[in-house]
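Any read-out appearing in this document is the output of simple, stated calculations on the displayed coordinates, not a laboratory observation. All values derive from a computational prediction rather than experimental measurement. Neighbour counts run over all protein chains shown; Cβ positions are idealised from the backbone, glycine included.
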Amino acid sequence: KAGVTQTPRYLIKTRGQQVTLSCSPISGHRSVSWYQQTPGQGLQFLFEYFSETQRNKGNFPGRFSGRQFSNSRSEMNVSTLELGDSALYLCASSWGRGQPQHFGDGTRLSIL
Amino acid sequence: SQQGEEDPQALSIQEGENATMNCSYKTSINNLQWYRQNSGRGLVHLILIRSNEREKHSGRLRVTLDTSKKSSSLLITASRAADTASYFCATDPQFDYGGSQGNLIFGKGTKLSVKP
């Protein structure tokens, strides 16, 4: 069974630009969550989606947004990029709340 | 904000030795999970222990949970060089009515180095 796929693996952007990251969950999983990982703050929760609805959101500014499609694939968007947005962005899918989450290898975003 | 706090931050052992990592957390939880992360990769789920469980085993892994002390430990027995990685505990926080809030809260991790 294929795992969680995140594209692209690496991305370099400049301040002020916007970026869209993509996540394809494990087949059958309808829950998708996004996390940001940085050396300073560690792993922080961004969003949780289930059946195209955002059910929970972490403490991030409105520049961070996301959505989920009917096939459970998810995208997250960051607008007006700042240097501090440089991070590894991880997507995870699961059968639902309270279940183990299965992570992709992430998208490494670097802001110049 | 981080809820879980792992201890120690780094651990270096020889192959064949046991490795113990501890995790403390602050609020009521639905379950607690342990994950492993190899450098530059995503997280791999290791084991999930529910709030009404006290101990769980999976292969060479043993996890304990003490909800009265809000702490957990992960024991890896007979460690191998391939166990070298960062290990994270993650809590699944609980609403007042008992349901899962749907987001995992991670600690900063323990970096384990197993020397051959």
Mind listing the phi-derived Karplus ³J(HN,Hα) values for region A:77-86, rounded to whole Hz, using 6.51, -1.76 and 1.60 with θ = phi - 60°, and x for any glycine or proline? 10, 10, 9, 6, 4, 10, 4, x, 7, 4
Charge context of A:ARG67, other residues only, Cβ under 11 angstrom, K/R +1, D/E -1: -1
Cut-off under 30 Å on the C-alpha distance; same-chain residues fewer than 8 positions from B:LYS69 excluded. Which lysines are left, in chain and number order? A:LYS57, B:LYS26, B:LYS56, B:LYS108, B:LYS111
If you consider only alpha-carbon coordinates, what radius of gyration and Dmax does chain B have, in Å? 13.8, 48
Between Rg and the Kirkwood Rh of region B:66-116, both from Cα atoms, what is the Rg to Rh ratio? 1.11
Taking beta carbons within 10 Å but only from partner chains, what does the mean come to for residues A:31-40? 2
When a footprinting reagent is the concern and you count Cβ atoms within 10 Å, what order do A:GLU48, B:GLU53 take, fewest first? B:GLU53, A:GLU48
Give the percent of DSSP beta bridges with both residues in the protein assembly as shown that are antiparallel, rounded to the nearest 5. 90
With charges only on Cβ, +1 for K and R and -1 for D and E, what is the dipole size of region A:33-112 about its Cα centre, in debye, rounded to 20? 160
Using a 10 Å cut-off around each Cβ, can you sort A:SER72, B:SER73 from fewest to most neighbouring Cβ atoms? B:SER73, A:SER72
Please list 3J(HN,Hα) in residue order for region A:66-75, calculated via the Karplus relation 6.51 cos²θ - 1.76 cosθ + 1.60 where θ = phi - 60°; whole Hz, with x for glycine and proline. x, 7, 10, 9, 5, 8, 6, 4, 10, 10
What is the set of long-range amide H partners of B:SER113 at a cut-off below 5 Å, with H atoms built 1.01 Å from backbone N? B:LEU11, B:SER12, B:ILE13
Rounded to the nearest 20 debye, dipole of chain B from Cβ charges on Lys, Arg, Asp, Glu: 180
Using a 10 Å cut-off around each Cβ of peptide A:56-66, what is the average number of partner chain Cβ atoms that fall inside? 1
Net +/- balance of residues flanking B:LEU65 in space, Cβ distance below 14 Å, scoring K and R +1, D and E -1: +2
Given unit charges at Cβ for Lys, Arg (+) and Asp, Glu (-), the dipole magnitude of region B:1-55 about its Cα centre in debye, nearest 20, is 280
Dipole of chain A, positive end: most advanced residue of A:LEU11, A:VAL32, A:SER65 [Cβ charges, Cα centre]: A:VAL32
Hey, any idea what the orientation-averaged projected area of the convex hull of the protein assembly as shown's Cα atoms comes to, in nm²? 12.5
Quick one: what are the phi-derived ³J(HN,Hα) couplings along region B:99-107, Karplus 6.51/-1.76/1.60 with θ = phi - 60°, whole Hz, x for glycine and proline? x, 6, 7, x, 10, 8, 10, 9, x
Compare the peptides A:83-92, B:39-48 by average per-residue count of other Cβ atoms within 10 angstrom and give them in order, highest first. A:83-92, B:39-48
